[in-house]
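Bear in mind these aren't lab numbers, they're just calculated from the coordinates by the rules spelled out. Please read these numbers as outputs of a predicted model, since none were measured by experiment. Cβ sites come from the backbone with ideal geometry, for glycine too, and all protein chains shown count toward neighbours.
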Amino acid sequence: MSSNADLLKSLKIDRNAAPPPAPRTGLWIGLAVAGAVLLAAGGWFAFGRGKDLEVRTAEVVAIGNGNASASVLDATGYVVARRMATVSAKVTGRVRDVRIEEGQRVEEGQVLATLDPVDADAQRALAASQVNAAQSQIGSVQAQLKEAEANAARLGALVGQKLISRAQYEQSVAARDALRAQLATAQRNAQVARDGLRIADNGVDNTVVRAPFAGVVIAKSAQPGEIVSPLSAGGGFTRTGIGTIVDMQSLEVEVEVGEAFIGRVKPGMPTETILNAYQDWKIPGKVIAIIPTADRGKATVKVRVGLDAKGDPRIVPDMGARVGFLEDAKPAQAAKPGVLAPAAAIVQRDGKDVAFVVVDGKAMQRTLALGRTLGEDREVLQGLAGGDAVVLDPPEQLVDGVRVQPAREDASADANND
């Protein structure tokens, strides 16, 4: 009985007992969901937004304006001088003084050198003495002629009075006429002596070597004590010149153009010359003349090209040069070409031609106005400038303002190898 009573007692509900604790399953589910959201957000920030899009870029090239002249022919040649002279003395003599050095600028008539004037001075002194002797002879004949004229006049009066014979009068007249002839001869001899003196003066002046024109000395050929001569008869011991002078204002370029292309060259057509020593310096000019003869061996024709930069110290004789013969300048057009951009950088967005320019690590969308197609490039009239870095093959997810970075070269190489 007691066992049954205990069993029933155990089944009795205690109204005063505390209620059992509630289950916590919902709380754990909420925490799990929140953690998943935070994890997804962190992953997006870490692996999505925080990583820049890798792109390939290329630089836009400026192609100038529409009225630039195009080169129809290029030729190579050298800078030459139209006025260049090796100055020498007119006479053979020993050099006493040389007053020039290489690179020195001289003016027309400036003394370059002097020769030993001993022989020339002696010749001048002799000519001066001959002039004095001729003048003395003239004075003597003039005195004799004065006396003969007076004697002939006196005898003429006497012969009229028949106080002397006619023969005596005629003899005095003959003497007078003879002295007149001697005076004329003496005067001519004096003129010859004076001419000889002038020649002797020229001989002295010939011992002074002067510059025939203004220019720059490019070579000094003689030294004091050497013998110079206008001829080369002295062999290796005789100089034929004092120095070489070049008129820098007469510099021009001489090129050889093939016979097959000479028809493209016209006198007066514009040119553009680039010296081998100054590759970035483009010198404008024009064709001076086409030499009317051809080289049979090389099948070329010489062309003279003038330079607008005359007198520039950077241009010197015998410099190598490349000349471009240009077309006549065309009038400016309304639409001027701007730049050349790779065709792979141009895509369609919302029906418009656009390209993405990388500025400060961001891709900036630019709307373009396109022109001609030149190979793998497109002419861009508006929207880009020379030197802009554009994105090649822009992906669909690339939009305005997205941060980008240049693609790694090793990654591109791996992709190519795969």
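Structural remarks
- Simple rule: put +1 on each Lys or Arg Cβ and -1 on each Asp or Glu Cβ in the stretch 205-280, find the dipole, and look at G268, V208, A222; the Cα lying farthest toward the positive end is V208.
- The length gained by stretching the chain between S165 and I227 to full extension, at 0.36 nm per residue less their Cα-Cα distance, is 15.1 nm.
- Computed label-point distance, nm, for sites Q104 and T92 using a 7 Å Cα→Cβ extension: 2.7
- Within the stretch 56-162, GluC sites (Glu not before Pro) in DSSP loop having at most 12 other beta-carbon neighbours inside 10 Å: E101, E102, E107, E108
- Residue (of L126, L115, V72) at the positive-pole extreme of the stretch 52-146, dipole from beta-carbon charges: L126
- Residue order, fewest to most surrounding Cβ atoms within 10 angstrom, among Y169, Y78: Y78, Y169
- Residues F356, F213 arranged by fewest to most Cβ contacts within 10 Å: F213, F356
- Cross-link pairs beyond the 28 Å C-alpha cut-off, checked among K266/K310; K90/K220; K220/K298; K90/K298; K282/K302: K220/K298; K90/K298
- In terms of surrounding Cβ atoms within a 10 Å radius of their Cβ, K162, K286 rank from fewest to most as K162, K286.
- Qualifying GluC sites (Glu not before Pro) in the stretch 276-379, where qualification requires a DSSP coil assignment and no more than 10 other C-beta atoms within 10 Å, comprise E376.
- Here's the list of aspartates and glutamates a cross-link from K162 could span, going by alpha-carbon distance under 15 Å and ignoring same-chain residues fewer than 8 apart: E170.
- Dipole magnitude (debye, nearest 20) for the stretch 118-204, charges at Cβ of Lys, Arg, Asp, Glu: 440
- Theoretical gain in end-to-end length, E147 to E396 [0.36 nm per residue, Cα-Cα removed]: 76.5 nm
- Pairwise FRET efficiency - A219 versus R296, Cβ, R0 = 35 Å, nearest 0.05: 0.60
- Difference of contour (0.36 nm per residue) and Cα-Cα distance, R83 to R194: 36.3 nm
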